[in-house]
1. Filter the range 21-55 for residues that are modelled with pLDDT under 65 and touching a helix residue (DSSP H, G or I) at 6+ places or on another chain (Cβ under 6 Å); which is surrounded by the fewest Cβ atoms within 10 Å (Cβ to Cβ)?
2. Within the range 37-70, take every residue that is in a helix (DSSP H, G or I) and of a type in the set (D, E, K, R) and give me the one that is nearest to Met117 (Cα to Cα).
3. Is it true that Ile77 is surrounded by 14 or more Cβ atoms within 10 Å (Cβ to Cβ) and touching a residue at least 12 places away in the same chain (Cβ under 8 Å)?
4. Consider Arg59 carefully, then state whether it is modelled with pLDDT under 85, among the basic types (Lys, Arg) and at negative phi.
5. Hey, can you tell me all the residues within the range 100-147 that are under 14 Å from Phe33 (Cα atoms), under 22 Å from the mean Cα position of the chain (by Cα) and without any contact (Cβ under 8 Å) to a residue 24 or more places away in the chain?
6. Under 22 Å from the mean Cα position of the chain (by Cα), part of a helix (DSSP H, G or I) and over 17 Å from Leu34 (Cα atoms): which single residue out of Ile73, Ile90 fits that description?
7. Here are the criteria: (1) modelled with pLDDT of 85 or more; (2) over 24 Å from Gly71 (Cα atoms); (3) surrounded by 10 or more Cβ atoms within 10 Å (Cβ to Cβ); (4) aliphatic (A, V, I, L, M). Tell me which single one Ala134 does not satisfy.
8. Scan the range 78-123 for residues that are closer than 30 Å to Glu140 by Cα and small (Gly, Ala, Ser) and report the count.
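The values are calculated or read from the model by the stated rules, or taken from the named source; none is laboratory data. Being a predicted model, the structure only gives us computed values, none of them experimental. Cβ atoms come from the backbone with ideal geometry, glycine included; neighbour counts cover every protein chain shown.
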Amino acid sequence: MYAATKLSFKAKLGFGTAELASSLTWTMFYVLFLFFLTDEFKSGQRREGLYFGVISFSRKISVAIAVWLVGIILSWIGYVPDAQQIDTAIFGIRMLYAEVTALFLFVSIIMAYLLPMTKAKHQALREAIELKKAGKPWDEETIKDIL
């Protein structure tokens, strides 16, 4: 009973981690929006559609590669479909499903934390874009590190 409860907890942890990772992925599109602003400031053009097209295509390719890699990893750990799984296969599935997902999530959170954009820099960038569009002088000093 204890093992089944522990496995159930790990599965729930994995689902939660996977859901959180998916949410974080979509939250990162806000970061891309900030990138779009810096691109607009530099180029004077709005190219969000182009970027989202590339991002969407890249995401489809990465999901396909991830599914392929999971299949390869499952065969390496000894997974056999429609059969009683050996202990190493069960352990490998647990590691893939919860711990590896949590590791990638942790790395993503750290990378997001290290982004140089702040609310003040975002506002300064938007103001600089508006001033540039109006043909007025703008100050790049407050946004120098994000350009």
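1. Among them, the one singled out is Leu24.
2. Filtering the range 37-70 down to residues in a helix (DSSP H, G or I) leaves 37-43, 48-70.
So of that shortlist, the ones also of a type in the set (D, E, K, R) come out as 39-40, 42, 48, 59-60.
On the way: Asp39: 14, Glu40: 16, Lys42: 16, Glu48: 18, Arg59: 24, Lys60: 27 Å.
Here the residue is Asp39.
3. On the way: surrounded by 14 or more Cβ atoms within 10 Å (Cβ to Cβ): yes; touching a residue at least 12 places away in the same chain (Cβ under 8 Å): yes.
For Ile77, the condition - surrounded by 14 or more Cβ atoms within 10 Å (Cβ to Cβ) and touching a residue at least 12 places away in the same chain (Cβ under 8 Å) - is met.
4. On the way: modelled with pLDDT under 85: yes; among the basic types (Lys, Arg): yes; at negative phi: yes.
In short, yes.
5. Answer for the range 100-147, where residues must be under 14 Å from Phe33 (Cα atoms), under 22 Å from the mean Cα position of the chain (by Cα) and without any contact (Cβ under 8 Å) to a residue 24 or more places away in the chain: Thr118, Lys119.
6. On the way: Ile90 fails: under 22 Å from the mean Cα position of the chain (by Cα).
On inspection, the qualifying residue turns out to be Ile73.
7. So Ala134 meets the others, but not (3).
8. Let us first name the residues in the range 78-123 that are closer than 30 Å to Glu140 by Cα, namely 108-123.
Then drop every residue that is not small (Gly, Ala, Ser), which leaves 108, 112, 120.
Number of matching residues: 3.
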